[in-house]
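Comments concern the structure below.
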Amino acid sequence: MTARPPAAGPPAGRPGGPRLRRLAADFESLRADFSGHPHVTVVPIGPVRPPESYRVAYRGVPGVVRCDESGVPTLADEHEVEITLTRGYPRERPLVRPLTPLFHPNITHDAFCLQDHWAAEQGLAAVVAKVADMIQYRVVNPQSPLDVRAARWTVANRERLPVGHVDVGVAEFEIGLRRR
C-alpha cells in the first residue's frame, strides 16, 4: 500500500482554522481600509491567499532616513516596509522590516520594535498605521533603543519632533450616549 500525499488545504468542515481565518480577515481589512488611500499602498507578496507577507509603501509621509555623506540624517517623504506574518501569527507579532534606510531609535536595518507587548487582538491595519506613526516620530522611545545613535539624535532634537502629522489610520467612530 502506498502512502497518500497530505491533503492540500484545510480539512473539510473547517475552513482554514483560526490562523487562516485571521489572515483572511486581515487581508480584507487591509483592502477595505487602504484601497485608494492617498498615503498608503499595501501589496500582497506572492501567490498565496490569504497572504502571509505584504509590501507597504508610504507616500507623502515625512520621516528621517539614514545619514547622507555629511553625516546628517535627512528627511524623506517616501518609505517602504515589508510585513511578514509568521506561523505563530496572531499569537506572535508580525515582523516588520524597513526597505528604505529609516533612522529611528526603535528601527534597525532589518526590524521594527513595534511594542513591548503584542496583543493578538490587534489587527494588521493598526500595525500599518503604527509604522506610519513611527516613521514620523509620532511614536518613539529613545529610552529603549535598537539604534543608539538615532536615540541620541532624538533626544538632542526633541523640539523638531514629530517630523510629520499625517494620520493614515482608519478613523474610529465614537459612540455617544445620551441620558433619557
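The values are calculated or read from the model by the stated rules, or taken from the named source; none is laboratory data. All values derive from a computational prediction rather than experimental measurement. Note that each Cβ is placed from the backbone with ideal geometry, even for glycine, and that neighbours are counted across all protein chains shown. Surface accessibility is based on the protein's heavy atoms, side chains included, excluding ligands, DNA and RNA. Shrake-Rupley method; radii C 1.70, N 1.55, O 1.52, S 1.80 Å.
Whether a residue is open to solvent by 80 Å² or more (accessible area, probe 1.4 Å), touching a strand residue (DSSP E or B) at 6+ places or on another chain (Cβ under 9 Å) and over 17 Å from V42 (Cβ atoms) was assessed, and D147 does not pass this test. Of everything listed in (1) touching a Phe, Trp or Tyr at 6+ places or on another chain (Cβ under 7 Å); (2) at pLDDT below 95; (3) outside any loop (DSSP other than H, G, I, E, B), the single unmet condition for R93 is (3).
Is it true that L177 is outside any helix (DSSP H, G or I), at pLDDT below 95 and open to solvent by less than 40 Å² (accessible area, probe 1.4 Å)? Judged against the criteria, L177 is not a match.
A quick yes/no check of all residues on (1) in contact with a Lys or Arg (Cβ under 7 Å, 6 or more places away or on another chain); (2) among the aliphatic types (A, V, I, L, M); (3) under 30 Å from R149 (Cα atoms):
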residue	(1), (2), (3)
I45	yes, yes, no
E52	no, no, no
V64	no, yes, yes
C67	no, no, yes
S70	no, no, yes
L75	no, yes, yes
H79	no, no, yes
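Among the residues of segment 115-130, some residue qualifies, meaning at least one is of a type in the set (D, E, K, R), more than 18 Å from L146 (Cα to Cα) and open to solvent by 10 Å² or more (accessible area, probe 1.4 Å). Among the residues making up segment 13-27, those that are surrounded by 12 or more Cβ atoms within 10 Å (Cβ to Cβ) and charged (D, E, K, R) are R19, R21, R22, D26. Among the residues of segment 102-114, those identified as surrounded by 14 or more Cβ atoms within 10 Å (Cβ to Cβ), touching a residue at least 24 places away in the same chain (Cβ under 8 Å) and in a loop (DSSP other than H, G, I, E, B) are F103, P105, N106, T108, C113.
For segment 73-83, taking the residues that are out of contact with any helix residue (DSSP H, G or I) (no Cβ under 8 Å at 6 or more places or on another chain) and open to solvent by less than 40 Å² (accessible area, probe 1.4 Å), the one that is farthest from R21 (Cα to Cα) is identified as A76.
Taken over segment 33-50, residues that are surrounded by 12 or more Cβ atoms within 10 Å (Cβ to Cβ) and either in contact with a helix residue (DSSP H, G or I) (Cβ under 6 Å, 6 or more places away or on another chain) or among the charged types (D, E, K, R) (or both) amount to 4. Of all residues being at pLDDT below 95 and touching a strand residue (DSSP E or B) at 6+ places or on another chain (Cβ under 8 Å) in segment 54-72, which is most open to solvent (accessible area, probe 1.4 Å)? Just the residue, please. Going through the qualifying residues, I end up with R66.
Among the residues of segment 26-77, those identified as farther than 17 Å from R160 by Cβ, in a strand (DSSP E or B) and of a type in the set (G, A, S) are S53, A57, G60. Return a yes/no flag: does segment 128-136 have any residue that is under 16 Å from N106 (Cβ atoms), out of contact with any strand residue (DSSP E or B) (no Cβ under 7 Å at 6 or more places or on another chain) and assigned to a loop (DSSP other than H, G, I, E, B). Checked against the condition, which is being under 16 Å from N106 (Cβ atoms), out of contact with any strand residue (DSSP E or B) (no Cβ under 7 Å at 6 or more places or on another chain) and assigned to a loop (DSSP other than H, G, I, E, B), segment 128-136 yields no hits at all.
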